[in-house]
Amino acid sequence: MALTEQEQIRRDHLAALRDAGVDPYPAVEWATTHGAAAVLDQYDDARHDPEAEGTTPLRVTVAGRMLTKRVMGKAAFFHLADESGQIQIYAKRDNLPEGFYNEVFKRLLDPGDWLGIEGTVFRTRMGEVSIEADRLVLLSKSLKPLPVEKTVTDEETGETRTFNEVSDPEFRYRQRYADLALHPEVREVFKTRHRIVRTIQHFLDDAGYVEVETPALQPLYGGAAARPFTTHHNALDMPLFLRIADELYLKRLLVGGFEGVYEIAKDFRNEGLSRFHNPEFTMLELYVAFKDYDWMMALVERMLEAVAVAAVGSTDVPRTVDGTTHTLDFSAPFRRVPIFDAIAEATGHQLYDAEAGTVADRDTIAAVAKEVGIDVDPSMGAGKLIDEIFGEAVEPTLLQPTFITDYPVELSPLAKRHRSKPGLVERFELIAGGKELCNAFSELNDPLDQRARFDDQVSLATAGDDEAVNTVDEDYLRALEYGMPPAAGLGVGIDRLVMAMTDQPSIRDVLLFPLLRPETSASADDAPEAG
C-alpha cells in the first residue's frame with residue numbers, strides 16, 4: 001500500500017533519528033510519579049510555585065502521547081495525553097541536552113509520538129498548569145498520524161461542525177485504537193463496563209456463590225435456542241460446537257453438590273448482526289439451589305441497583321430510545337407482568353385462558369401474529385409465534401425495568417412447569433429501555449419431563465426451526481437422573497446491560513473489537529441492521 005506524504009515524512013524522521021543515535025523504540029522502564037490528572041489536582045500555587053519563596057517546587061515524571069505541538073523559536077508548548085487526561089508541557093532549548101531541542105525535538109518528533117517527561121510544575125501567564133521539562137525521552141515513534149479534527153462551516157446557515165475520521169462509526173469499530181486515542185469518553189465506556197462486571201462478581205461472591213469455568217468447545221450444544229458455530233477436532237476426529245450457553249454444564253455442578261455457581265463467559269451464536277446482536281457476546285449465568293424464580297427476581301433487583309450505582313452513581317440511569325432520553329429507575333421493586341397479559345394489553349387478544357389453563361391454538365396465535373405484522377411460516381410453532389408477537393408489539397414499549405413472567409412451555413424447554421398455571425412455566429425476562437436484559441427460570445429438574453421437552457425440540461428442528469436444538473443431550477439427562485435439587489437460574493446479557501448503563505446506541509459501542517465484514521468488501525454501514 002502506497003504511503004501518504006505524512007507517513008513518508010515520519011519514516012524519514014525515523015531514519016534520521018537512528019542516524020542521530022536516538023533509538024525510536026528503546027527498551028526502557030519509564031517510572032512515572034504522576035498521571036496528568038494527578039498533576040493538575042496536586043499542584044498548588046501557595047505550596048509549589050517554583051518562583052515563590054517558601055514553596056517547594058513540584059517535581060514530576062509523566063509519560064504519554066504528544067498532541068499538536070507549537071514551536072516558538074527556542075521554546076515550544078505541547079499537550080501530553082495519558083489515560084487520565086492531558087497536561088501542557090513547556091520544552092525550552094536551554095533546559096535540554098545540547099543539540100537535542102533543535103536537532104531532535106523540533107525536526108524529528110511528531111504529534112502522536114510517545115514521550116517521557118521529567119520536570120517542574122508551574123503555572124503559565126495564561127493560567128494553565130504546565131510542566132517545564134528538563135528531561136524529554138522518546139519512548140515510541142508514531143509512523144501514522146492520528147486523524148485531525150476539522151471544522152466546517154455551512155455557508156448558508158453559518159453553523160459550524162467539528163469532525164474527524166473517527167466520527168465515522170465503521171472507522172471507529174475497525175480502528176478502535178485510534179478511536180480510543182482520540183476520544184477519552186470512549187475509554188470511559190469501557191472503564192464503566194469493567195466496573196459493572198466487577199460489581200456483579202463482588203455481589204455474587206459476597207452472597208457465597210462460586211465462580212467457575214465451563215467448556216467453550218462442546219460435543220453437543222444446548223441451553224438456548226440458537227444456531228451454533230461448528231468446528232472439528234482433528235486428533236479425535238469429531239465435530240465440536242462453540243457454546244451457545246453455559247446452562248447445562250453449570251446445572252451439572254448442582255447435581256454434584258455445589259449450591260450456587262456462576263460464570264461470566266463468552267458465548268457464540270451463528271446469527272445476524274444488528275445494533276443488539278454480535279455473534280460473540282458475554283453472558284452471566286447463575287444457578288442457585290433451593291430457590292425459585294420469585295426469589296431470583298428479588299436478587300436481580302438488588303444486583304442491578306448495585307450495578308446502576310457503580311455505573312452512574314445513582315439508580316436513575318439515562319437511556320436514549322428512538323432519539324428521546326428517558327430516565328430508567330433501577331430502584332426496587334420492578335413492575336411484574338405475565339407475558340399473556342402484556343400481549344393482551346398491547347393487541348387486545350388474550351391468548352391464555354386462565355380458568356381452563358390452556359394456551360390458544362396455533363391458528364389463533366398465527367392470526368394475531370399476522371395482525372401485528374409478522375411473517376408467519378409453517379416452521380413456527382405456537383411458542384415461537386408468541387415470542388414474535390411479544391417482540392413486535394410489547395417489548396419496544398417497555399421502557400422502565402419490567403419483569404415479564406410465566407411463558408408457555410413450548411418456548412421454555414429448560415424451565416419448570418408453573419405450579420398453578422397449566423401450560424406455562426416459571427420464567428421471567430427483564431425488559432428495560434425496550435430490550436431484554438436477562439432471562440431466568442425455576443429450573444426444570446424432572447429428567448423424564450426434560451427428555452420429553454428435548455424430544456419436542458428435535459421435532460421442531462425437524463420441521464425447519466433452525467434455532468431448535470436438534471440433538472438430545474443424554475449425558476445431561478443422566479446427570480438429572482442422579483438428582484438435581486430445585487434451583488433458580490439466571491442469564492444476563494452483559495453487553496446489553498452495559499449498553500443500558502452507559503446509554504450507548506449499539507452493541508458495537510460496548511465491544512472493544514466487534515465482528516465486522518472483511519474490510520475490502522465492507523460498505524459504509526458494514527452490516528445490515530437486523531430487527
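What follows draws every value from the coordinates through simple rules; no lab data is involved. Not measured: the values here are computed from a predicted model. Cβ atoms come from the backbone with ideal geometry, glycine included; neighbour counts cover every protein chain shown.
Measure out, as a whole number of angstrom, how far apart the alpha-carbon centroids of region 363-407 and region 476-520 sit. If we compute the Cα centre of each part, the gap is 22 Å. Counting 0.36 nm for each residue step from A344 to D363 and taking away their Cα separation leaves a gain of 5.2 nm. Compared with the direct C-alpha span, the chain from R70 to N470 gains 137.4 nm at full extension, assuming 0.36 nm per residue. Relative contact order of region 5-140: 26 percent, from C-alpha pairs under 8 Å at least 6 residues apart in sequence. In plain terms, the chain from K106 to A216 could stretch by 34.3 nm, reckoned as 0.36 nm per residue minus the Cα-Cα distance.
Spin-label model, F171 to D237: label points 7 Å out along the Cα-to-beta-carbon direction sit 5.3 nm apart.
Backbone amide hydrogens, once placed in the peptide plane, bring D134 within less than 5 Å of E118, G119, T120, excluding anything fewer than 5 places away on its chain. From least to most packed, judged by other beta carbons within 10 angstrom and beginning with the fewest, L96, L444, L217 follow the order L217, L96, L444.
Here is what passes the span test in the chain: the DSSP H helices with alpha carbon length of 24 Å or more along the helix axis and a Kyte-Doolittle mean of -0.5 or above are 293-312. If a spin label sat at a point 7 angstrom from the Cα of T327 along the line to its beta carbon, the backbone N atoms of region 424-457 nearer than 19 Å would be those of 432-434. By other beta-carbon atoms within 10 Å, ranking D237, D449 with the fewest at the front produces D237, D449. Toward the positive end of the charge dipole of the chain, with +1 on the Cβ of Lys and Arg and -1 on the Cβ of Asp and Glu, the farthest Cα among P57, I244, F268 is that of P57.
When only alpha carbons are used to place a centre, region 438-453 and region 44-110 end up 65 Å from one another.
Its DSSP H runs of at least 4 residues, each contributing -39,500 (n - 2.57), put the calculated 222 nm mean residue ellipticity of the chain at -8500 deg cm²/dmol, to the nearest 500. The ratio of the alpha-carbon radius of gyration of region 5-140 to the globular-protein estimate 2.2 N^0.38 Å is 1.06. Counting only the backbone N, which residues of region 95-124 are under 13 Å from the spot 7 Å out from the Cα of T61 toward its beta-carbon? Counting only backbone N, you get 116-119. How high is the relative contact order of the chain, given as a whole-number percent (alpha carbon pairs under 8 Å, six or more residues apart)? Relative contact order for the chain comes out at 12 percent. Taking amide H as placed 1.01 Å from N in the peptide plane, S274 has its amide H under 5 Å from the amide H of A530, each at least 5 places away in sequence or on another chain. Relative contact order of region 114-241: 11 percent, from C-alpha pairs under 8 Å at least 6 residues apart in sequence. Pairs exceeding a 24 Å alpha-carbon distance, out of K69/K144; K370/K435; K69/K141; K251/K435; K370/K416; K92/K144: K251/K435; K370/K416; K92/K144.
Amide H contacts under 5 Å for L146: none, restricted to partners 5 or more places along the chain or on a different chain, H placed in the peptide plane at 1.01 Å from N. Charging the Cβ of each Asp and Glu at -1 and of each Lys and Arg at +1, and nothing else, the dipole of region 185-266 about its Cα centre rounds to 280 debye.
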